[in-house]
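See below for the structure under consideration.
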Amino acid sequence: MTLHGLEKKIQMCREYLAKTDFVRRMWEKDPTLWSKESTQTQKIRDRLGWLNAPDWLERHRKEVESFAEEVRNRGMTHVALLGMGGSSLAPQMLAATFPAKNQFPRLTVFDSTNPGELLQKKAQLDLSKTLFLVSSKSGTTIEVSSLYRYFRAELNDGARFAAITDEKTPLERLATENNFLRVFRNPSDIGGRYSALSYFGAVPAALIGIDIDRLIESAKKMAEACRRSPEENPGIRLGAFLGETQKSGADKLALCFSPEISSFGSWVEQLVAESTGKLEKGILPVDGETRMPAAKYARDRLFVVTEYARSADRTLGTWADTLEKAGHPVLRLQLEDLHDLGGEFFRWEVATAVAAVTLGIDPFDEPDVQMSKRLTGKVLAEYASSGRIEEGARLAVSDGIYVYGDPDLMPKKSMASLSSSLDTHLSRIKEGDYLAWILYLPNYGWISAAFQRIREFIGSRFRVASTVGFGPRYLHSTGQFHKGGPNRGLFIQVTAEPSEDVPIPGEAYSFGILHEAQASGDFSALVGRGRRVLRLHVTGDLKTGLNRIESILRKLEFGR
């Protein structure tokens, strides 16, 4: 489809939204916009509280700011947030975006079960001056509860902990029984990935000195703008662009930001992937997209380019010009101030709800997220009875790297080495596919840098969109898309033996075993959904193993 034809489709979408009275019905929380099935409508209605979140948060801001002052007065120099997905991504992004403030605590987010990463982050804390913020909507998230048990054993003082959760959850009861410093009860009708403008985002932000009044002001202005007609509505403008470009075949959303606001992509990634990736449909967000010449991108890309007006890097707009001239669909946004991120939270939430209407899906459920959780539980139960985790049949052993694969790879005779295994697997890439690296490794800077190099190489040479996710945190983000979205993903899971392990108090398994069980459960979930997946397990020195994988990839022709 030509760009001109796409513009016509987007205009027709806005006209359809006007004809069906979408704006009024959305603000009245009409669930039939997304589903008319009686079994779904009440569930959807119960997840539309985010529409009122800016006003709700404004009413509760003094409570949040008072708590932040109390924590400062107690001499806390660090805040450790124990959370996953929607409970951690907004605070993590805000902390990475706003400059650190003197006299305010530093935020460290614990959102991994990898023992090495846990110990590295713990070493950065002064435990005697750290407040632990236990953040979970359901109050039952296994990663959060395991991290809480670990740190609770280190600190026998409930007043060193605070909680953010829904009412009447196990976490609320735990916090009350253990005399936590504070329990913030979030509205239950605000879903996890739509919770940035609630206690989940505001409490950590206020604790580290971010002006939440200005975030709220920005969000309220955007909410008011999103009450306008479809022709003037910024949320509908973005949502119609996302939905109609996906329907035209451009379903890989390249998220491109000025460097100062690049961390916002991780939050958008979860919102869009988990909301739209279901029923074999969806929009795949590509966070950290590498800037390449326009001709290097396949026609399955759409670009949302967000510039920060005060950025020191003035090249993003020029690069976007070249994309538009080459006929790629590009939508430009601009932030005048970092606090405008409050409004961007709301704009993207509306846009995702709009895109879901165009795709005919419910953006508020996540039907495939539970699959990996169930399979992880099954692996842990088997470990409890046998004392080991079943690794499955190996396809190859090469240079200290064990290779496993989906059933379609099992009969292959060309899987005798790491090189031939990668070549055979990657030869299955078809036009319109994407390559997803799912890493059950510690999220260290040098590992992220290594896979960013691999992404750049693959994108430049083969015009294939690629993503990187660290497990288990990505299970609460793109994991839904991988299993519920279109079967266009080629997956490479990378695991490794931890150099050291950490026990989980009260459990028969350790963090290392939990991490391994989550990787095993996720691999089984992907295979169960008929996905093309290869697993590489690195033994010995991790850096040597990853260097070997990168070196081999650079020599391959992807089976072509």
Notebook entry, point to check: How many residues does region 479-494 contain that are open to solvent by 10 Å² or more (accessible area, probe 1.4 Å) and closer than 11 Å to Ala436 by Cα?
Noted result: 1
Next item on the list: Go over the candidates Ser258, Ser266, Ser262, Ser275 one by one and state the one that is without any contact (Cβ under 8 Å) to a residue 40 or more places away in the chain and of a type outside the set (A, V, I, L, M).
Entry: Ser262
Next item on the list: Residues being surrounded by fewer than 16 Cβ atoms within 10 Å (Cβ to Cβ) and either charged (D, E, K, R) or part of a helix (DSSP H, G or I) (or both): count how many of those fall in region 530-545.
Entry: 3
Checklist line | Which listed residue is open to solvent by 10 Å² or more (accessible area, probe 1.4 Å) and hydrophobic (A, V, I, L, M, F, W, C), from Leu107, Leu118, Leu94 | finding: Leu107
Note to self: Name the residue that is nearest to the chain's Cα centre (by Cα), counting only residues in region 406-436 that are surrounded by fewer than 19 Cβ atoms within 10 Å (Cβ to Cβ) and hydrophobic (A, V, I, L, M, F, W, C).
What the structure shows: Met410
Check: Among (1) over 22 Å from the mean Cα position of the chain (by Cα); (2) part of a helix (DSSP H, G or I), where does Ala96 come up short?
Finding: (1)
Item checked: Qualifying positions in region 506-545 - in contact with a His (Cβ under 6 Å, 6 or more places away or on another chain) and within 13 Å of Lys378 (Cα to Cα) -> none
Next item on the list: Determine which single condition Glu497 fails, assuming it passes every other condition in (1) of a type in the set (D, E, K, R); (2) out of contact with any Lys or Arg (no Cβ under 7 Å at 6 or more places or on another chain); (3) open to solvent by less than 10 Å² (accessible area, probe 1.4 Å).
Entry: (3)
Item checked: Every residue from region 152-188 that is buried (at least 19 other Cβ atoms within 10 Å of the Cβ), assigned to a loop (DSSP other than H, G, I, E, B) and under 24 Å from the mean Cα position of the chain (by Cα) -> Thr169
Check: Restricting to region 228-250, what's the tally of residues that are in contact with a Cys (Cβ under 8 Å, 6 or more places away or on another chain) and surrounded by fewer than 24 Cβ atoms within 10 Å (Cβ to Cβ)?
Finding: 1
Checklist line | Residue check, Ser138 out of contact with any strand residue (DSSP E or B) (no Cβ under 6 Å at 6 or more places or on another chain) and part of a loop (DSSP other than H, G, I, E, B) | finding: yes
Item checked: Failed item in (1) at pLDDT below 95; (2) within 27 Å of Thr276 (Cα to Cα); (3) not β-branched (Val, Ile, Thr), with Leu439 passing the rest -> (1)
Next item on the list: For Arg45, state whether it is farther than 29 Å from Leu207 by Cα, open to solvent by 60 Å² or more (accessible area, probe 1.4 Å) and within 27 Å of the chain's Cα centre (by Cα).
Entry: yes
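Residue-by-condition table, conditions (1) in contact with a Pro (Cβ under 7 Å, 6 or more places away or on another chain); (2) crowded, with 20+ Cβ neighbours inside 10 Å:
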| site | (1), (2) |
| --- | --- |
| Arg291 | no, no |
| Ala295 | no, no |
| Ala312 | no, no |
| Gly343 | no, yes |
| Ala353 | yes, yes |
| Pro363 | no, yes |
| Gln370 | no, no |
Next item on the list: Kindly provide the set of residues from region 251-289 that are surrounded by 22 or more Cβ atoms within 10 Å (Cβ to Cβ) and among the aliphatic types (A, V, I, L, M), ordered by number.
Entry: Leu253, Ala254, Val268, Leu271, Val272, Ala273, Ile283, Leu284, Val286
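Does Val403 satisfy the condition of being surrounded by 18 or more Cβ atoms within 10 Å (Cβ to Cβ) and more than 22 Å from Leu302 (Cβ to Cβ)?
yes
The values are calculated or read from the model by the stated rules, or taken from the named source; none is laboratory data. None of these values were measured; they are calculated from a predicted model. Neighbour counts run over all protein chains shown; Cβ positions are idealised from the backbone, glycine included. Accessible surface areas use protein heavy atoms only, side chains included; no ligands, DNA or RNA. Shrake-Rupley method; radii C 1.70, N 1.55, O 1.52, S 1.80 Å.
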